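In what follows, a single structure is set out as structure tokens and then discussed.
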Amino acid sequence: VQLQASGGGLVQPGGSLRISCAASGRSFNTMGWFRQAPGKAREFVAANRRIGGGTYYADSVKGRFTISRDNAKSTVYLQMNNLEPEDTAVYYCAGSNGAITSTMRLARTYDYWGQGTQVTVSS
């Protein structure tokens, strides 16, 4: 089982970026994105549940980020608009088949993790 994240990079404040995560070896009902900035704990960003539906966002990204998935490609995307310097972090994708609404935002809910992709927002 492998989750491969890609698409990170350097972007100016106010800019946009789309990162991707391709899953192989297993399908997941729930796929999520977390991020970790230097010196800070890993935090939930967004999640998408295939069966049962629903997308979930952290308050800090709601209205700016959009999570989507292509089930045929086993890939989840995170479209990030109006980026702020505070969004700078390593972004990790994760997969779970046991997440429920109340646990969607908890890192311990997810069984598999990608290697992370760096997103830097700076002028």
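Miscellaneous remarks
- Mean Cβ count within 10 Å, highest first, over the residues of peptides 25-32, 12-19: 25-32, 12-19
- Quarter of the Cα convex hull surface for the chain, i.e. its orientation-mean projected area (nm²): 6.9
- Taking THR55, THR103, THR75 as the candidate residues, the one with maximal mean-square fluctuation in a Gaussian network model of the chain, Cα springs under 10 Å, is THR103.
- Region 67-123: Cα Rg divided by the 2.2 N^0.38 Å rule of thumb: 1.30
- Extension gain (nm, one decimal) between GLN115 and GLU86, 0.36 nm per residue minus Cα-Cα: 8.3 nm
Read the figures in this text as sums done on the coordinates, not as results from a lab. Please read all numbers here as calculations on a predicted model, not as lab measurements. So basically every Cβ, Gly included, is an ideal-geometry build from the backbone, and we count neighbours across all protein chains shown.
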